[in-house]
Amino acid sequence: MQFAYRHDIRAMRPADLDAILAVQAACYPPAMQEAAGVVLARMAQAGDSCVLAEDGEGVCAYLFAYPSRLGKVTPLGAQFDPAAHADTLYLHDLAVAPRAHGRALARSLVGHLLAQARRQGLSSSALVSVQDTAAFWSRLGYRAAEAQGPAARAALASYPGQARYMVRALDPDITGPGAPSPNC
């Protein structure tokens, strides 16, 4: 039997901070958790691209992103620096509360922001894959890429464990090559 779970996607608000931090704490080890002040600053810097999923029990997933330039990597714990002439949607932090696993919330949040990025004319999306998530991101059309330049390599090195810079093109046609698979 399959259950349908209803959720809404909306922009984050400062009042969501405690719930967002609770999801973060449930998903990441302490070395990867980012401070409340950084989270609030990101909402202020890139409010339209910082979204969450909410169900009947409250916040169950979130995705922090911002308009950037291809090849730029944001270090762990650093503030966002939205690009004036962005070409890339940089996905910085995606987390789904354990109670909401299996509902395709990650795919839903990513799809929501990729559609928004296409409407804004961005040509690519990039991220740093952590905690053995490269296979998940590959199913969404992302491919491993070299972090170019010393600043990007240093930023990538700020993440513990095996971190990979990954990129995907944003085709104007969402059903084209690289579109998220319905099985993700």
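A few notes on this one:
- Test set (1) in contact (Cβ under 8 Å) with a residue 24 or more places away in the chain; (2) open to solvent by 50 Å² or more (accessible area, probe 1.4 Å) - His101 fails condition number: (1)
- Consider the stretch 39-89 and keep the residues that are closer than 16 Å to Ala155 by Cβ, at pLDDT below 95 and of a type in the set (S, T, N, Q). The one that is surrounded by the most Cβ atoms within 10 Å (Cβ to Cβ) is Thr74.
- The stretch 104-131, residues that are surrounded by fewer than 17 Cβ atoms within 10 Å (Cβ to Cβ) and touching a His at 6+ places or on another chain (Cβ under 7 Å): none
- All positions within the stretch 132-157 that are open to solvent by less than 60 Å² (accessible area, probe 1.4 Å) and within 26 Å of Arg10 (Cβ to Cβ): Thr133, Phe136, Trp137, Leu140, Gly141, Tyr142
- Residues satisfying the stated conditions in the stretch 12-21, i.e. open to solvent by 60 Å² or more (accessible area, probe 1.4 Å) and either farther than 22 Å from Pro82 by Cα or touching a residue at least 40 places away in the same chain (Cβ under 8 Å) (or both): Ala15, Asp18
The values are calculated or read from the model by the stated rules, or taken from the named source; none is laboratory data. Since we're looking at a predicted model, the values are computed, not measured. Every residue, glycine among them, receives a Cβ derived from its backbone with ideal geometry; neighbour counts consider all protein chains shown. With ligands, DNA and RNA removed, areas are computed over all heavy atoms of the protein, side chains included. Shrake-Rupley method; radii C 1.70, N 1.55, O 1.52, S 1.80 Å.
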